[in-house]
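Notes follow once the structure below has been shown.
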Amino acid sequence: MTVSGMRPAVVALWAAALAFLPSAAWAQSSGDKPAPQAQGGQQGEAPRNGPSQRRLDEIAEVAKTLTGPAANPECVWLGRRVVGLLWRDDLDTAFRHLDLYDRFGCPGGHIQATFRCVVRQGDIDPKAPDTLNTRVQACWINPATQPAPPPPAAAAAPATPPGTTNR
């Protein structure tokens, strides 16, 4: 088909698209229905559940425990992200976040102490992603947190002598 032969088909396609658009926009209008109310009760108030509320609760927990700039919400948020990125070996992104952390006047020594605490705790199960966040939160609040002792079941397992079987 030549270009001049395709021109009527293109025009017909555009005409159909333009004819359909106003009816689709009209069909999606909400009319005069009132907006549904949030769980909080008042209009405009955000619901009180979900990840954002959990983050706010964690930041409030830090503010109750720590004093100084390390307890500021922006320092908590950026600092925890930096420590998590350092753990995952995403150094480029961690350093960009660290620049922002410094720009807000947050204490760089707290990042160092928190990362040291996270590393001393040992490996993290990669199948449980929230474990890292929980550990970083605990270490942010108290960088002197000691590693948990190994479970006693692993240490108390009887060893079989070499050359014998369990039959």
If residue 121 passes every condition in (1) more than 28 Å from the chain's Cα centre (by Cα); (2) at pLDDT 90 or above but one, which one does it miss?
(1)
From the options 145, 131, residue that is assigned to a helix (DSSP H, G or I) and of a type in the set (Ser, Thr, Tyr)
131
Complete set of residues in the range 59-82 that are of a type in the set (D, E, K, R) and either over 15 Å from the mean Cα position of the chain (by Cα) or exposed (fewer than 13 other Cβ atoms within 10 Å of the Cβ) (or both):
61, 64
Unique residue being modelled with pLDDT under 85, closer than 16 Å to residue 136 by Cα and surrounded by fewer than 19 Cβ atoms within 10 Å (Cβ to Cβ) when the list is 56, 85:
56
Give the number of residues within the range 88-99 that are exposed (fewer than 14 other Cβ atoms within 10 Å of the Cβ) and among the aliphatic types (A, V, I, L, M).
1
In the range 81-125, which residue that is touching a residue at least 12 places away in the same chain (Cβ under 8 Å) and small (Gly, Ala, Ser) is farthest from residue 145 (Cα to Cα)?
105
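The values are calculated or read from the model by the stated rules, or taken from the named source; none is laboratory data. A quick note: this is a predicted structure, and the numbers were derived from the prediction, not measured. A quick note on method: Cβ atoms are made from the backbone with ideal geometry, for glycine too, and the neighbour counts reach across all protein chains shown.
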